[in-house]
Amino acid sequence: MVKNKFNIKECEEKWRAFWEKEGIFKFDLKSKKKIYSVDTPPPTVSGKMHIGHAASYSQQDFLIRYKRMAGFNVFYPFGTDDNGLPTERLVEKTKGIRASDMPRDKFVQLCMKLLKEKFQQEYLEDWKRIGISCDWDILYSTIDDNSRKIAQWSFLDLFKKGRVYRKDAPAMWCPECQTGISQAECEDKSLESSFNTIVFKVEGKDLAIDTTRPELLPACVAIFYHPEDKRYKSLKSKSAKVPLFDFEVKIMEDERVDPEKGTGIVMCCTFGDQTDMEWQRAYNLEIKEAIDKTGKMTSLSGAYKGMPVKEARKKIISDLRDAGLLLNQKPIVHDVKVHERCGAEIEFVKSTQWFVKYLDLKKEMLKWGENLNWHPKFMFHRYANWVKGLQWDWLISRQRYFGISFPVWYCKKCGEIKIAEEKQLPVDPMQDKPLKKCSCGSEEFIPEKDVLDTWFTSSMTPRLSIELIDKKIWENLFPMSLRPQAHDIISFWLFNTVVKSNLHYGKNPFKEVAISGFVLDPHGKKMSKSKGNVVAPQDVVEEYGADALRFWASSVKLGDDISYQEKDLVAGKKFINKILNASRFVFMNLEKYGGKKKPKKLEVLDELFLDQLNSVIRDCTESFEKYEYSKVKSRAENFFWQDFTDNYLEIVKKRVYQGKGDKKLSAQYTLYQALLTLIKLFAPITPFITEEIYQEYFKKLEKDKSIHLSEWPKEIKAKGDKKTWQRTLEILAQVRQAKSKAQKSMNSEIILSLDKEDLTLIEKVKEDLMAVTGAKEINEGEFKVVFV
């Protein structure tokens, strides 16, 4: 029941429980309605929901709630990404342990136990609390048996299609996380360093070369200059002595050298970057490993063995200076590749890894992206830029403890790769055995210990959710209608899902893509714990309520970054109180009104108002169809404040109080229809307060179990013209201004003068205008307010 002292927290908890108990958002397998299916992003279970989650998931929920009211049978599952490194770290932190100190099977059991009993349920509460309208019975985890089976099936399918391969080759490696990583898991970070000009010797003469990584000198395998650089032409095919380590390497030409950078001649080491790897392959150069997988120097570095990279760099620079081999040192700030999970600088380490072969498909990838409907459209360019910048096949193996196993063994006798049979899935090669002998006759196998990249599983989310209900309706749900997500994971989740779907099924996994932006602090800066500017959505909901948070999230258009502004939350709370009070006022005057009764003829002013409301319905419907929820919020909010509460309610107040017959009935009908329409327009954005109003006032008359299962507003039969309505409001505003200026009460009586054009225009609404302005007379003349 709506109480005089309204408690938003109690309201939200009440309707959340109601939605869940009554299955308001359940997908109906028996329904004949057209299906709208959503590939919901599974958030990583690594802590609590952050403010970026709250905004992004609210924005997608606006669109989905609209579709449900627009008549669709909505398939809106939810999943949690609890596979791999983030879960490892969370378990280690929670239990104060290290995975490496436990037997692997015991650690995996602990991870699974904590996920099921603690992490997932606690994590889901945050999403439920902000009103995300998922079918919570269609819930998956990216490490559950169904997900393991599908991920392993994906590997088998790609293996059979020749799209996965295993290779001993240089790959990006995180020394902190002790695992290989993919290109998508790297990000550029600006770090302070130094440009060091060091001396190589060529036939006893000095050759100056600039480098930021002198610790790679022991792994130097060649020197390169540009073929058109005349400064170094005479050095072609000669050898240079590497400083401090006194071995010689060849000097060669290659067009990939930038003559304008540094001294224009560079050392090639295995491996400092992508170009070093290209040179190594192109010229079949020796591979030397100066840095090991723990980020420390190897025996190749001699006296520097065992030193961490940065310590070795500092010591080598010092020794070069002492030996007179350091000509110059210039401090710089440059972009360095770091692991997005932990921030550690990545190294390129030679290791045996599994890859998905896809660099040969870049043209096709661009076409697949072009065939999606992007909201906003410019987000396609982020996808296209990622595709064009791809330099590596997808590294999918991870040297971690917790994750989905490769369904692979290796014959102990001949080394042949043995993959699981589909009927075995999900399989754990550490515990299970192949069903058949190796082709060489051996029955002894070595299990693959690596686990699959978590994105390899997450890129199968359409299937992860669909197979939870009924495989028979796969064709009705796939391709899915919508993929909503934030723009920072276009290169991770969206791209890989598109690629995998096309490799497996020959089609895109979804039709529409809705991309949200970042949340920034009030000064437009990125939020981070180190800056101390992080806002917890849990605290926001506690103080202002979920509807106010959603109201704030709807204030910016899809794809744009949004600043966290306290005033926007205050505005949201003010709106909630206002629509609640307006509803109380309306129904105080609809005591004996049955909801459906309509006058024989609407009053002109009521028709004018309803005509304006129809315009709002049209605009909001069109905007939602274009995924422009911020326009819906803006249009509906402006109409609510300016037309409905500030003006229409005031104009008809006297007619509702004192009117008789059809005049009163016309006002009652219009008030009922207008308020019902308005709460429906706001329902996708502020679901809790609109449910409260609907259940208290409308349900007994409208019969729908929930406002969120009711029909999206349709236009109400009414004729009117915008000019008359607007001029009526302008005259009312002028009268109010005159009364304020004269410091008179708004109820004070007046004699109003209007020019002939205005008199003609307002003739049919004259009675209502006189009532609201307190005018005893309206005469012809220049605009004038005379107080009686």
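Per this entry, A303 is counted among residues that are farther than 11 Å from A219 by Cα and modelled with pLDDT of 90 or more. Sub-6 Å Cβ pairs linking a first residue in region 219-238 that is within 13 Å of D254 (Cβ to Cβ) to a second residue that is open to solvent by less than 30 Å² (accessible area, probe 1.4 Å) and assigned to a helix (DSSP H, G or I), at least 6 apart or interchain, are Y225/Y232, ordered by first then second residue. Beta carbons closer than 8 Å, at least 6 apart along the sequence or on distinct chains, pair a first residue in region 643-672 that is free of Cβ contacts under 8 Å to residues at least 24 places away in the same chain and among the small types (G, A, S) with a second that is crowded, with 19+ Cβ neighbours inside 10 Å and part of a helix (DSSP H, G or I) for G659/A667. T724: open to solvent by less than 30 Å² (accessible area, probe 1.4 Å) and closer than 13 Å to I651 by Cα, yes or no? So T724 fails the test.
Would you point out the residue of region 27-55, among those that are out of contact with any helix residue (DSSP H, G or I) (no Cβ under 8 Å at 6 or more places or on another chain) and crowded, with 18+ Cβ neighbours inside 10 Å, that is modelled with the highest pLDDT?
F27
Taking first residues from region 97-110 that are farther than 14 Å from T87 by Cα and partners that are part of a helix (DSSP H, G or I) and open to solvent by less than 70 Å² (accessible area, probe 1.4 Å), the Cβ contacts under 8 Å between residues at least 6 apart in sequence or on separate chains come to M102/L110.
Among the candidates W392, W386, the residue that is at pLDDT below 95, of a type in the set (F, W, Y) and in a loop (DSSP other than H, G, I, E, B) is uniquely W392. Every residue in region 748-766 that is under 8 Å from I778 (Cβ atoms) and among the basic types (K, R), please. Listed by number, the list holds a single entry, K766.
Just checking, which of R655, R584, R635, R618 is charged (D, E, K, R), assigned to a helix (DSSP H, G or I) and closer than 22 Å to R736 by Cα?
Working: R584 fails: closer than 22 Å to R736 by Cα; R635 fails: closer than 22 Å to R736 by Cα; R618 fails: closer than 22 Å to R736 by Cα.
When all the criteria are applied, what remains is R655.
Filtered by the rule that a residue be out of contact with any helix residue (DSSP H, G or I) (no Cβ under 7 Å at 6 or more places or on another chain) and either outside any loop (DSSP other than H, G, I, E, B) or at pLDDT 90 or above (or both), region 463-473 gives S465, K471, K472, I473.
Here is a yes/no grid of residues against (1) open to solvent by less than 40 Å² (accessible area, probe 1.4 Å); (2) part of a helix (DSSP H, G or I); (3) in contact with a strand residue (DSSP E or B) (Cβ under 8 Å, 6 or more places away or on another chain):
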| site | (1), (2), (3) |
| --- | --- |
| K700 | no, yes, no |
| H708 | yes, yes, no |
| K719 | no, no, no |
| A733 | no, yes, no |
| A738 | yes, yes, yes |
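Restricting region 489-530 to residues that are surrounded by fewer than 17 Cβ atoms within 10 Å (Cβ to Cβ) and of a type in the set (S, T, Y), which is farthest from V387 (Cα to Cα)? Checking each candidate, the answer is S530. In region 56-73, of all residues being in contact (Cβ under 8 Å) with a residue 40 or more places away in the chain and among the hydrophobic types (A, V, I, L, M, F, W, C), the one that is most open to solvent (accessible area, probe 1.4 Å) corresponds to A70.
Selection over region 579-589 of residues that are in contact (Cβ under 8 Å) with a residue 12 or more places away in the chain and open to solvent by 10 Å² or more (accessible area, probe 1.4 Å) gives a count of 4.
Checking the condition out of contact with any Phe, Trp or Tyr (no Cβ under 9 Å at 6 or more places or on another chain), acidic (D, E), modelled with pLDDT of 95 or more and surrounded by fewer than 20 Cβ atoms within 10 Å (Cβ to Cβ), which residue from E248, E255 passes? From the options E248, E255, the qualifying one is E248.
The requirement of being touching a residue at least 60 places away in the same chain (Cβ under 8 Å), farther than 15 Å from F456 by Cβ, surrounded by fewer than 17 Cβ atoms within 10 Å (Cβ to Cβ) and out of contact with any Gly (no Cβ under 9 Å at 6 or more places or on another chain) is fulfilled nowhere in region 394-412; no residue meets it. Put simply, of I562, I576 the only residue that is β-branched (V, I, T), over 16 Å from the mean Cα position of the chain (by Cα) and buried (at least 23 other Cβ atoms within 10 Å of the Cβ) is I576. Quick one: would you say I490 is closer than 27 Å to P376 by Cα and under 20 Å from the mean Cα position of the chain (by Cα)? Taking the combined requirement at face value, the residue satisfies it.
Can you tell me which residue in region 534-564 is nearest to P376 (Cα to Cα), limited to those that are out of contact with any Asp or Glu (no Cβ under 8 Å at 6 or more places or on another chain) and in a loop (DSSP other than H, G, I, E, B)? Selected residue: G559.
The rows are residues; the columns are (1) closer than 22 Å to Q658 by Cβ; (2) loosely packed, with under 14 Cβ neighbours inside 10 Å.
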position	(1), (2)
A742	no, yes
L752	yes, no
D755	no, yes
L761	no, no
V765	yes, no
M770	yes, no
E777	yes, yes
F787	no, yes
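Candidates Q658, Q642, Q612: the one that is farther than 24 Å from Q60 by Cβ, of a type in the set (S, T, N, Q) and open to solvent by less than 40 Å² (accessible area, probe 1.4 Å) is Q612. Report whether or not R213 is touching a Lys or Arg at 6+ places or on another chain (Cβ under 9 Å) and either surrounded by fewer than 19 Cβ atoms within 10 Å (Cβ to Cβ) or under 30 Å from L85 (Cβ atoms) (or both). So R213 passes the test. Please go through region 454-481 and give me each residue that is open to solvent by less than 40 Å² (accessible area, probe 1.4 Å) and of a type in the set (V, I, T), ordered by number. If the condition is that a residue be open to solvent by less than 40 Å² (accessible area, probe 1.4 Å) and of a type in the set (V, I, T), then T454, T457, T461, I466, I473 are the ones that fit.
The values are calculated or read from the model by the stated rules, or taken from the named source; none is laboratory data. Only a predicted model underlies this, so the values are computations on that prediction, with no experimental measurement involved. All Cβ positions, even for glycine, are placed from backbone atoms using ideal geometry, and neighbour counts span all protein chains on display. Heads up: the accessible areas ignore ligands, DNA and RNA and are worked out on the full protein's heavy atoms, side chains in. Shrake-Rupley method; radii C 1.70, N 1.55, O 1.52, S 1.80 Å.
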